[in-house]
Amino acid sequence: NITLDCAGHTITGPGRTSGVSGVLVFQRTGITVENCVLQDFNSGFQIDQSDGNKFTNNSILRVRQGFTLQDSDSNTLINNSVTDADDWFGYGILDGSDTNELRENEATGVKGVGFIVWASSNNVLTDNVASDNFGNGFGANEIGTVGNTFTGNTANNNTLWGIEDQTP
């Protein structure tokens, strides 16, 4: 039950290839992070084995990945932006990250997919925007990816598809 409110301040890292995350939430519940600007990190937010956390009004710039959820359930991401991510995704819901909600987020200038759901189920993505990415806007892939809902999302000017569904 900790809140980090950056009040619009910027946290600058050592660069995209550093292996360092701007904010790491590991095996924690009830964390709120809001109003932060994170730039020049490997991952802006690394959420690992952490459930029931909230991330709102954050901006992530010049990173490899914006948000990485790994084996993390019931997290809420609202009104965040990822700009200029230099790797596979802006928002990655990965490997058993279930029942998360992503609402009103943006992914712009990502070198891969704006939003990806990979081997994770029952996530809800609503009213998000993926634009000017060098891959798909939205994607769902891999065995075990079932029951995800994509509603009211917008994909503009992405190099590949607006949404790609490669679930078995």
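Taking only pairs six or more apart or across chains, which ones have beta-carbon atoms under 7 Å, a first residue in region 145-168 that is of a type in the set (Phe, Trp, Tyr), and a second residue that is surrounded by 13 or more Cβ atoms within 10 Å (Cβ to Cβ)?
Final answer for the pair search is PHE150/LEU125; PHE150/PHE138; PHE150/ILE163; TRP161/ASN136.
Could you list all residues from region 41-59 that are open to solvent by 20 Å² or more (accessible area, probe 1.4 Å) and over 18 Å from GLU106 (Cα atoms)? Let's see the steps before the verdict.
We begin by selecting, within region 41-59, every residue open to solvent by 20 Å² or more (accessible area, probe 1.4 Å); these are 42, 46, 48-49, 51-52, 54, 57, 59.
The answer is ASN42, ASP48, GLN49, ASP51, GLY52.
Assess whether VAL25 counts as being out of contact with any Leu (no Cβ under 7 Å at 6 or more places or on another chain), without any contact (Cβ under 8 Å) to a residue 24 or more places away in the chain and β-branched (Val, Ile, Thr). Can you show your working first?
Working: out of contact with any Leu (no Cβ under 7 Å at 6 or more places or on another chain): yes; without any contact (Cβ under 8 Å) to a residue 24 or more places away in the chain: no; β-branched (Val, Ile, Thr): yes.
No; evaluated as a whole, the condition is false for this residue.
Could you name every one of the strands (runs of 3 or more DSSP E) located completely within region 104-145 that has at least 1 residues being at pLDDT 95 or above, open to solvent by 20 Å² or more (accessible area, probe 1.4 Å) and of a type outside the set (Asp, Glu)? Explain how you work it out, then say what you get.
Working: elements: 106-108, 113-118, 124-126, 129-131, 138-141.
Because the criterion is at least 1 residues that are at pLDDT 95 or above, open to solvent by 20 Å² or more (accessible area, probe 1.4 Å) and of a type outside the set (Asp, Glu), the strands (runs of 3 or more DSSP E) in region 104-145 that meet it are 106-108, 113-118, 124-126, 129-131.
Of (1) assigned to a strand (DSSP E or B); (2) out of contact with any Gly (no Cβ under 6 Å at 6 or more places or on another chain), SER97 satisfies all except one. Which?
Condition not satisfied by SER97: (1).
Take the residues in region 60-76 that are assigned to a strand (DSSP E or B) and among the hydroxyl-bearing types (Ser, Thr, Tyr), then tell me which one is surrounded by the fewest Cβ atoms within 10 Å (Cβ to Cβ).
Initial filter on region 60-76 (assigned to a strand (DSSP E or B)): 60-63, 65-70, 76.
If we keep only those that are among the hydroxyl-bearing types (Ser, Thr, Tyr) as well, we get 68, 76.
On the way: THR68: 24, THR76: 15.
If we take residues in region 60-76 being assigned to a strand (DSSP E or B) and among the hydroxyl-bearing types (Ser, Thr, Tyr), then THR76 is surrounded by the fewest Cβ atoms within 10 Å (Cβ to Cβ).
Looking only at region 148-168, how many residues end up being part of a loop (DSSP other than H, G, I, E, B) and surrounded by 12 or more Cβ atoms within 10 Å (Cβ to Cβ)?
8
Going residue by residue through region 91-102, is there one that turns out to be over 12 Å from the mean Cα position of the chain (by Cα) and of a type in the set (A, V, I, L, M, F, W, C)?
Within region 91-102, not a single residue is over 12 Å from the mean Cα position of the chain (by Cα) and of a type in the set (A, V, I, L, M, F, W, C).
Would it be correct to say that THR83 is free of Cβ contacts under 8 Å to residues at least 40 places away in the same chain, closer than 21 Å to SER121 by Cβ, open to solvent by 10 Å² or more (accessible area, probe 1.4 Å) and not aliphatic (A, V, I, L, M)? Show your work before the answer.
Working: free of Cβ contacts under 8 Å to residues at least 40 places away in the same chain: yes; closer than 21 Å to SER121 by Cβ: no; open to solvent by 10 Å² or more (accessible area, probe 1.4 Å): yes; not aliphatic (A, V, I, L, M): yes.
No.
Restricting the search to region 23-40, which residues are of a type outside the set (Asp, Glu) and either over 18 Å from ASN105 (Cα atoms) or modelled with pLDDT under 95 (or both)? Don't jump to the end; show me each part of the working.
Of the residues in region 23-40, the ones of a type outside the set (Asp, Glu) are 23-33, 35-39.
Scanning region 23-40 gives LEU24, VAL25, PHE26, GLN27, ARG28, THR29, GLY30, ILE31.
The values are calculated or read from the model by the stated rules, or taken from the named source; none is laboratory data. Quick caveat, the model's predicted, so the values are computed rather than measured. Every residue, glycine as well, gets a Cβ built from its backbone with ideal geometry; the counts of neighbours run over all protein chains shown. The protein model used for the area step is the full one, side chains on, heavy atoms only, and it has no ligands, DNA or RNA in it. Shrake-Rupley method; radii C 1.70, N 1.55, O 1.52, S 1.80 Å.
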